[in-house]
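To keep things clear, I will list the structure first and then write my remarks on it.
Coordinate-derived values only; no laboratory data. Please read these numbers as outputs of a predicted model, since none were measured by experiment. Methodologically, a virtual Cβ is constructed for each residue, glycine included, from the backbone with ideal geometry; neighbour enumeration extends over all protein chains shown.
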Amino acid sequence: MTNAALLPEVIRMIDNGHTVTLPLRGYSMRPFLEDRRDKALLAAVDTLSVGMPVLAETYPGHYVLHRIIRMDGDKVTLLGDGNINPEYCSLSDIKAVAVAFYRKGRTAPDRTDGWKWRLYSWFWTRLRPIRRYLLFIYRMLWTRNHN
């Protein structure tokens, strides 16, 4: 099922008070989160702040799970941890927040308000000027070990 078909239903469930565990697709949150390996636990938006991973609709039918890197009034700038170029949306385009991630097949989640996620986030967001090179090295090692 495509994201364009699945995610509106996920958003409806979240709007009705449920949390949803969603398998991740794509590489935009590398190196911490991997395509088809990890899952996100999504919940309703309560409060938003810089650094939070959110599900947003950046244009009709196109959804991303990226970190908020800037908020200026109604305008929000998003950046996937594995991306170089930001994406933009408005506050109303943010449909859910990721409150935890299930990584590497584990049954215990890494909560986004927990020490592990916060430590990772603190380091990774400060490496933005050199992330391009770190991601290149990571991709080279990852594809060598998983092909």
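Descriptive notes on the structure:
- Tally, over the stretch 63-112, of residues that are touching a helix residue (DSSP H, G or I) at 6+ places or on another chain (Cβ under 7 Å) and of a type in the set (D, E): 3
- Selection from the stretch 102-117 of residues that are closer than 18 Å to E34 by Cα and out of contact with any Phe, Trp or Tyr (no Cβ under 7 Å at 6 or more places or on another chain): Y102, R103, K104, G105, R106, T107, A108, T112, K116, W117
- Scan the stretch 82-112 for residues that are of a type outside the set (S, T, Y), within 15 Å of L55 (Cβ to Cβ) and within 13 Å of the chain's Cα centre (by Cα) and the total you get is 9.
- One residue from I68, I84, I94 being over 19 Å from D110 (Cα atoms), buried (at least 16 other Cβ atoms within 10 Å of the Cβ) and aliphatic (A, V, I, L, M): I94
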